[in-house]
Structure formats: structure tokens, C-alpha cells
1. What is the distance in Å between the Cα centroid of the range A:185-200 and that of the range A:283-315?
2. Once the Cα gyration tensor of the range A:334-568 is diagonalised, what are the square roots of 5 times its eigenvalues, in whole Å and ordered largest first, as equivalent ellipsoid semi-axes?
3. How long are the semi-axes of the equivalent ellipsoid of the range A:317-446, taking √(5λ) for every eigenvalue λ of the Cα gyration tensor, in whole Å from largest down?
4. With all distinct Cα pairs included, what does the Kirkwood hydrodynamic radius of the range A:2-84 come out to in Å, to one decimal, could you say?
5. Where does helix A:61-73 land angle-wise versus the long Cα axis of chain A, in degrees 0 to 90, nearest 10?
6. Karplus couplings for the range A:287-302 from phi (6.51 cos²θ - 1.76 cosθ + 1.60, θ = phi - 60°), rounded to Hz, Gly and Pro as x?
7. Any idea how far the Cα center of the range A:458-519 sits from the one of the range A:117-180, in Å?
8. Rg over Rh of the range A:292-344, using C-alpha atoms and the Kirkwood radius, what does it come to?
Amino acid sequence: MINQELAEIFSLLADALEYKGDNIFKIRAYRKASRIIKDFSLNLREFSKEKPFTEIPGIGEGIAKKIKEYIETGHIHKFEEEKKNIPCGIFEMLKIQYLGPKTLKYVYEELRVDTLEKLKNVMNDGSLAQLHGMGDKKIERLKEAIELYETSEIGKKRFLIGDIYPAIEEIVARLKKITGNVTPCGSYRRMKETVGDIDLLAVSDKGQQVTDFFITLPFISKVISIGYTKATVILKNHGIQVDLRVVKPDSFGACLQYFTGSKAHNIKLRTIAKSKGLKVNEYGVFKGKKKIAGATEKGVYESIGLEYIPPEMREDSGEVELAIKHKIPRIVEYDNFKGDLHVHSNYSDGTSSILNIAKIAKAMGFEYIAICDHSQSVTYAGGLSEDILAKKNEEIDRINEKIKGIFILKGAEVDILRNGKLDYPDSVLKTLDIVICAIHQGFRKNVTKRFLEAMENPFIHIIAHPTGRLLSGRKGYDVDLDKVFEKAQDRGIILEINSYFNRLDLNDTNVKRAKKYDIKFSIGTDAHNDGMLKYWRLGLGIARRAWITKEDIINCYTLRKLKNVLRKEK
DNA sequence: GCCGTTTTCGGCCCGACTGTTTTCAGTCG
């Protein structure tokens, strides 16, 4: 919580200084600090007891002092002072597209516009149009931006990666009809849990042809800009912005690198290149006028003396420093994944039969899959009585005898009840290959204590979605994760990375936190229908963003090794 | 305000598109 507050303050402070016209590099330093703090995996209040803030790259003496001041007093003097000089409505108006600090300051000085209401007034009465540099088109564009700001979520909202996944697939498929190579980049490629916009890269010698085709796609509501190398549009159904960039094949790697980001990662890369007398842009790496790399991403990194860095690591959180030393960890790869360990069938609230799930999983190349339906007290989700569970286990045995090439594990997602007890007795639990424990009731009631108690049970293997948060808006349990991690280490309990796109729980920062302990992870889609099985990639993306290896993830084990691990836990 | 494989001072990534300009400023990514 304190991290979010500080991130917000430094971001607003940057806005205030930018409006004032302060040194742009100082502003950039505050913005950078804001982002670093927002993504920082440890609570800053706790961190300060161990180490000085200046140990965090990007935080120097000045900002460290301000963090300390905020922790001790609840405010930052400099921010309070700077705020006084800024008309109150400016912070809000800065969120509107095409309204930057320069424009706002000019309009305030000329027309005393300090709120969105007043801005709309001067647009309507014609006085804005009297100002120098305010032509018809500019005002028209502003009007649209204000309308978008007021009526839609643009600029305010990020989209769940799973929600926009189908839109990306659709656009890519259509673009591929006129140019072979089309790749999604941006935060989507870095597998962030939410994305602000969609970035696509197409390879073609005829840029204008591709952008012209792109803006005529049927599901586009508005064209923001179009040139011969890039075009920007808004989609009808989500209101999300899509940027398309077109480059020639010999620049593909450089553009892929540039367009994947993150911004902070790219800036660091370019700074390093510059110090070596090189220049990096989206067309390649240049020594003077000579292009020395650009066709492949790997070539771009190597040409400036760095080891290749996987997209999911590119957040400027220490990966560049490791790449300089050629010590990038061997993080888990997508093709290491051997099977989904959390799937619901139509025995409880899923829609697919066990046989069907097994067939699809086999077609996806899985070696095994675990069917984990809800336990008896979760009546609203069709939880299984002990009798039905026994029947289900028999059915799985029968299918396993018949079907070749995939193994079905007998599992359950067993509720941890309000009193901390498990929803099945041990005599039932020991009939299962895999036991996942979860909280679906009493979110606010002694959650940590109940987790710890449940973890004493000798038959449980995994804790499902350990924080209980939903990205669509539920905050999650009131749980002390460090206590849970410590217990998991002591008891050899595995933690789930739930890959359902509204959960993504544990998330990247929490997995990073957990890996400081000796803990293994499992990936489960929590799929309730066939279509959801594909979201295992999101879970693996989280693992990659947390820099963990295939040895850390039990889904990467062979069936034999997996069975050994699950047996050993008992 | 941050930072150091020339540096504790003097740098700080780079380019596309738009609109209103006759060469550039503002904004965005």
C-alpha cells in the first residue's frame, strides 16, 4: 500500500514539475522512481529496516530522503509546495490525450483555464481558437479526446490480457493475408497481466499498403493517425488502441526489440550503446552510418555486448546488468511445460467431460493433466460428495486404461473451511494423486491462520490462488504471505500460479517474493471449459517474469518425476 | 534527480505523426 502511495506521489510530482517547466531529466528521474516503486516486490517500510533505499537502482539520495520523510510523517514537503503552484484541474486534464503540459500552461496563462469545464467553455465560445497555433483541426482533435476521456475508459484503464487475446489473434490473422510476418509486441509480449494498448509489428517492403489495409479492418471505430511506417486506431468493442508498425526484413529484430519495450529497458540499452559509440533505433544498431545489426533481436543485443534477454524479463529490474556479465538466468521456456494441474470437469462446475479434456490436452501436447473439481461444501459450484468423488476416480482409472499418450491425475480443489479444517477427511484425500487446497469462503476470516493450519495436513500438495485477488476488482484475502511462504518451505507445500486471466495469482511480484524461500510452484489454468486450457501460457509468462527455472515448476517434470514429488509430499 | 569501463560534473534514447508552420513544437510511444 505504501509503495502505491509513493508511486502516485512521485508521478504527480513529475507532472507538477513538467507543468512548471522544470528540468526534463529531473522529471524523468521522478517518473522512473515512480515506476520502480510501483513494481517493487517488497514493502518499502519493511525494506527500510534492512537496507537504505539508495540500494535500489534508480533511487538516489534525493528520492530516498523523500521516501523516508513520507514513511515518518505521511507527506512529502516538496510535493505539497509544488502542488500549490499548479491550478487544481491541471492534474486531471493531463490525463487527456494530446493535452500536454505546454498546451495546458499556455491556455492557463492566456485564458485562465484551470478546469476541464473551463476548457470546454473556451472551446465552445471560440476564444481558444484565437490563440496562436490553435487551428480547427487541433481543436477538433481535442474535442474528440475530451469526449473519449469522459465517455470511455481510454487512458484510465488497462485491459486484462485474457480479455484482449482474441482481438489480437483476429487482427493478426487478417493482417497475415497481406503480409506474412505479423508479431504482437509491447506489454503483451512481455506477458504483463494487463495491457494498455496493443502493439503489432508487420514486416513488409510496402509499408503504406499495409497501413492502408489495416485502417480499413471492419472492427475499427476510429483512425488516430496513419503514415507509411505506422498507424494507430481504436477498436470498436474494447475501445482499446492498436498501434501497427511496418518495417523491412533487415530491421525486423531492431523493431521487435524497440516495440517490445519496456520503455525503461530500451532507454538503458540505448544509453549503453551510446557509451560504446553506437546508436540504436528501431531500424538497427549503427556504428556511424554503418548498420551492424537489426535483422534479429539476438543480433541487436549481441552487437552492443549484451547477452540476449527474454522479453518477459525486460523491465529494467536488473536484467541489463546481468546481460552485461552474460549471467542471464536460464528461465523456464514455454516448451518445458508438460501438463495443466488444475482443471474442472462437468463433475462440478466445468462444462467438459473428463474424456474430452484429456483428448484436447493430448492434442495440445500435454503428457498429463489433473482434474481437480470442487469439494463437497462448495455447493454453489457443484462440489462433489465423497461418493461422487469416488465414482469420478473410478472413471479416471477407466479412461487411463484406454487412452494412450496422456495420463489423468485424480485430484480435487479442496476447500479450507471457515474453521481451518479441510472439506474432505484424510481417508478421502489419500485416494487422490493431487490435492489442491483453496479458500472460497470467509475471505476476511483468519485467512493466514487457516492456511497455516491446512498446511499441517500430510495429504495436501498445493495451495491454490494464494491471495484470492481478482483483477476485475476483488482485493483478495487479508493474508500474510510471508508466513504462508515460510510454512510452505517447512512443509514442502507447492504454491500455485493460477493462470486464469482474471486471477493470475500468485502474480509476478509475489512469485519473486516467494522464490527467496525454498519453494516449488505449480501452474494451473483453473479451466472450466476447453477454451480456457490455452491460458496456461499466461501462468508460464508469470514464471518467466519472475525469473524462475524449469526446476522450480512441477509442471515441467516428467510424469514419473511429478508422481515422485507428489508421493514424497505425503 | 541519477549516475560512472573516459566522468563526483556533465551528461541524460530516439523517431513518427500532426498541425500549423514555411522549419518546427508538441505529443506520443
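1. Their Cα centres are 20 Å away from one another.
2. 24, 21, 17
3. 32, 23, 12
4. 12.7
5. 60
6. Listing the rounded values in order: 10, x, 9, 8, 7, 10, 6, x, 6, 10, 5, 4, x, 4, 4, 5 Hz.
7. 38
8. Radius of gyration over Kirkwood radius for the range A:292-344 works out to 1.14.
The values are calculated or read from the model by the stated rules, or taken from the named source; none is laboratory data. If you're wondering where the values come from, they're calculated on a predicted model, not measured in any experiment. Note: ideal-geometry Cβ built from the backbone for every residue, glycine included; neighbour counts use all protein chains shown. For the accessible areas, the whole protein counts, side chains as well, though only heavy atoms, and no ligand, DNA or RNA atoms are used. Shrake-Rupley method; radii C 1.70, N 1.55, O 1.52, S 1.80 Å.
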